[in-house]
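The values are calculated or read from the model by the stated rules, or taken from the named source; none is laboratory data. Quick caveat: nothing in here was measured; it's all calculated off a predicted structure. No Cβ is skipped: glycine too gets one built from the backbone with ideal geometry, and neighbour counts run over all protein chains shown. Surface areas here come from the heavy atoms of the whole protein model, side chains and all, with no ligands, DNA or RNA. Shrake-Rupley method; radii C 1.70, N 1.55, O 1.52, S 1.80 Å.
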Amino acid sequence: MKPVTLELMTKFRYLSDLKLSDSTNTLFYTETIADMDNNNYLQRLHKLDTVTKESEVLIDYRKRCSTYLMKDGSLLLADQDPEIKTVHTRFTKVETDGTQTPAFTLPLQVSSIKDLDENTYLISATIHRSCPDYHHLTTDEQLEVEAKKQENQDYVVFDEYPFFFNGAGIMNGERNVLMLLNKDTLEITDLVPLTMDVESYDIEGDELIYSGVDYVDVKGLWSWVYQVNLKTLETKVLFDDKLIIGRVFYHNHKVIVLGTDGAAVDGKDFYELKDGKLTLVLKNEGSLHNSVGTDCRYGKLKNYVKFDDTSYFIDTVDSRSNLVRFTGTSLEKITDFEGSTDDAAIDENGTWIIAMTEQKLQEVYEVVDGTPVQRTFLNEEVLKDVYVAKPQRLCVKQEEPVYGWVLLPKDYDPEKKYPAILDIHGGPKGVYGENYYHEMQAWASKGYFVMYCNPHCSDGRGNEFANFLKHYGTTDYEDLMKFVDEVLKLYPAIDQERVGVTGGSYGGYMTNWIIGHTDRFKCACAQRSISNRISLIVYSDYGIDTPFEFGLTEVDDCFDLFWDRSPLKYANNAKTPTLFIHSTEDYRCPISEAIQMYTVLKCRGVDTKLVGFIGENHDLSRSGKPHHRLRRLSEITEWMDKYLN
């Protein structure tokens with residue numbers, strides 16, 4: 001069989017943005033491919049007949065293909081008009097036969113548009129606090145605003161917190177707001193204060209509920225819940241107490257709030273909100289999102305879907321993510337398979353998902369009697385006659401067992417000796433599962449054993465197992481070392497003198513932690529890593545909330561705890577040759593984290609190198625520019641080859 005090469009990733013087709021039209025029996029989905037000539041991506045839109053199961057292209061390849069489904073089954077395609085010099089979003093109506101006609105252009109940066117009724121759209125848009133009523137100005141007034149922006153294009157002013165966010169860049173002053181748009185006159189009506197940052201919303205009849213934070217200085221951790229009458233525009237505050245809110249929605253004419261008053265990463269409980277009071281209706285320790293990792297996704301993927309007053313979530317349990325339904329008192333499984341559910345669309349005729357299972361790349365599946373049935377085959381050829389290693393599951397037996405997997409090297413011969421790589425997931429509340437992971441498969445094809453597991457701090461096993469404060473840098477480290485011991489015991493063909501370690505984000509943190517606590521690994525690669533938890537608090541897009549992620553209530557004096565859990569404290573112990581991979585616009589784990597560790601190792605004579613990717617962010621390995629993703633994987637592989645082969 002042919003090997004999985006590093007370059008094979010440039011041939012993958014990434015699927016996203018499922019939309020289901022029950023009025024036309026049509027499923028829409030977006031396909032993304034790498035555009036290697038321009039170091040970017042191209043997208044096209046497919047439509048699938050849910051009766052005949054036949055699929056065809058509706059909109060051919062273009063740089064971006066952002067579409068929104070209307071009630072009549074048509075779509076609105078959103079893009080930019082290169083001739084317009086002001087902030088705007090242009091919409092084109094796309095019929096199910098592919099016919100396109102100009103619709104309208106709005107003076108807004110629109111993030112979503114919903115067909116509310118025969119007269120009205122609901123708009124979600126990003127505005128800027130420096131000119132919040134930009135969309136109400138005349139064109140000449142907007143041009144004056146743009147001219148002032150040009151005069152100050154070389155400067156950035158921070159006057160609030162947060163001021164940047166990973167993937168979004170500098171967002172000081174930006175707010176996500178809701179508006180109504182009259183279909184005939186294109187008149188825009190603001191639904192929320194223009195200092196409000198809306199985080200979730202739902203609609204029932206003429207009532208809209210939303211959660212968000214209204215601020216002009218520092219955005220607090222606690223969201224409030226509001227209700228707006230869409231006819232009278234009257235707004236009520238429904239909840240103004242302390243709660244970290246994940247989502248608000250209607251169920252059975254009741255307002256349901258997903259939230260926690262514990263650690264920020266705890267599972268969100270379900271509460272009924274009535275008369276300003278919360279009543280617990282379901283204790284939940286699940287993440288209610290897909291935390292199964294892979295480097296083979298791209299595009300808009302949903303963790304929440306609503307149909308006919310019923311809410312559906314993608315939930316991660318153990319090492320798999322599946323679709324569940326909220327019944328009002330419980331979460332009921334819709335699917336239960338080994339793999340990853342990446343997106344979902346539901347109507348009265350059926351349930352459809354984008355999934356990764358059986359070591360396949362993403363495809364569209366129809367859920368039939370709870371079982372996913374494959375309906376697209378876009379990625380079949382790319383892995384045909386290719387060696388895709390089957391994960392060998394194993395368990396570290398202890399009070400709370402740790403589960404993991406091993407990929408066997410291509411043409412494995414138990415009589416030979418092989419190098420090995422330990423790969424550590426991000427999160428930390430992420431998980432590995434039995435789905436295709438390109439970097440690991442490429443290393444297995446190059447003759448490496450690849451081992452990976454879900455230590456304490458991982459998702460899928462409840463709040464206590466994932467408890468940061470209890471396990472971070474302690475139990476999780478012990479789990480990883482015990483896992484490596486178990487793998488070496490079960491697979492004597494691994495050369496114990498040729499084992500490397502790598503990981504990204506939390507995995508990068510653990511890699512930095514490992515090299516300061518043991519010399520057992522021949523080499524290491526810390527990707528988008530953390531080294532100093534003190535500096536991270538004040539220099540990360542989520543940093544100031546870090547103490548709450550740890551479940552702390554007293555945050556004014558946590559220096560000792562965070563310094564003790566910082567790899568930089570132990571960097572003088574490190575002797576392991578270490579490669580650092582980081583992006584210059586990583587605002588989740590800023591590049592200063594890598595620089596601190598790199599500087600210590602370099603000045604102490606340890607073989608080390610830092611490769612920075614200009615313009616990339618924390619998601620380099622998943623959504624970075626294609627050539628950059630390939631260069632990243634090549635740098636890591638060459639570092640491993642240098643020391644392990």
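Taking the accessible area of the range 229-369, probe 1.4 Å, and keeping the other protein chains in place, the carbon and sulfur fraction comes to 43%. Angle of helix 139-151 to the longest C-alpha principal axis of the chain, folded into 0 to 90 degrees and rounded to 10: 30°.
As a fraction of the 1.4 Å probe accessible area of the range 23-164, surface on carbon and sulfur atoms comes out at 46 percent.
Sorted largest first, the spans of the alpha carbon positions of the range 499-645 along the three principal axes are 49, 34, 23 Å.
What the chain shows is 42 Å² of accessible area per residue, with the surface traced by a 1.4 Å probe over protein heavy atoms. For P(r) over Cα pairs in 20 Å bins from 0, in percent, the value computed from the atomic coordinates appears in the list [x] 14, 29, 23, 15, 8, 6, 3, 1, 0, 0; [y] 16, 46, 27, 9, 2; [z] 18, 53, 28, 2 under label [z].
Here's the list of lysines a cross-link from residue 2 could span, going by alpha-carbon distance under 29 Å and ignoring same-chain residues fewer than 8 apart: 11, 360, 384, 390, 410, 416, 417, 446, 522, 625, 642.
Around the Cα centre of the chain, unit charges on the Cβ atoms of Lys, Arg, Asp and Glu (plus for the first two, minus for the last two) sum to a dipole of about 2240 debye. The GluC sites (Glu not before Pro) of the range 15-62 that DSSP puts in a loop, and whose beta carbon has at most 14 other beta carbons within 10 Å, are 54.
Using a 1.4 angstrom probe on heavy atoms only, work out the carbon and sulfur share of the accessible area of the range 540-619 in %.
The value for the range 540-619 is 50 percent carbon and sulfur by accessible area.
With a threshold of 19 Å on the Cα-Cα distance, the over-threshold entries among 85/148; 71/93; 482/575 are 482/575.
For the chain, the 222 nm mean residue ellipticity estimated from helices alone, with every DSSP H stretch of n ≥ 4 adding -39500 (n - 2.57) and the total spread over all residues, rounds to -4500 deg cm²/dmol. In degrees between 0 and 90, to the nearest 10, how far off the longest principal axis of the chain does helix 475-490 point, with axes built from Cα atoms? Around 50 degrees separate the two axes. Couplings for the range 245-258, taken from phi via the Karplus curve 6.51 cos²θ - 1.76 cosθ + 1.60 with θ = phi - 60°, read 9, x, 6, 10, 7, 8, 8, 6, 6, 10, 8, 10, 10, 9 Hz in order; Gly and Pro are left as x. Give me the accessible area of residue 559, 1.4 Å probe, in Å² rounded to the nearest 10. Its accessible surface works out to 110 Å², give or take rounding.
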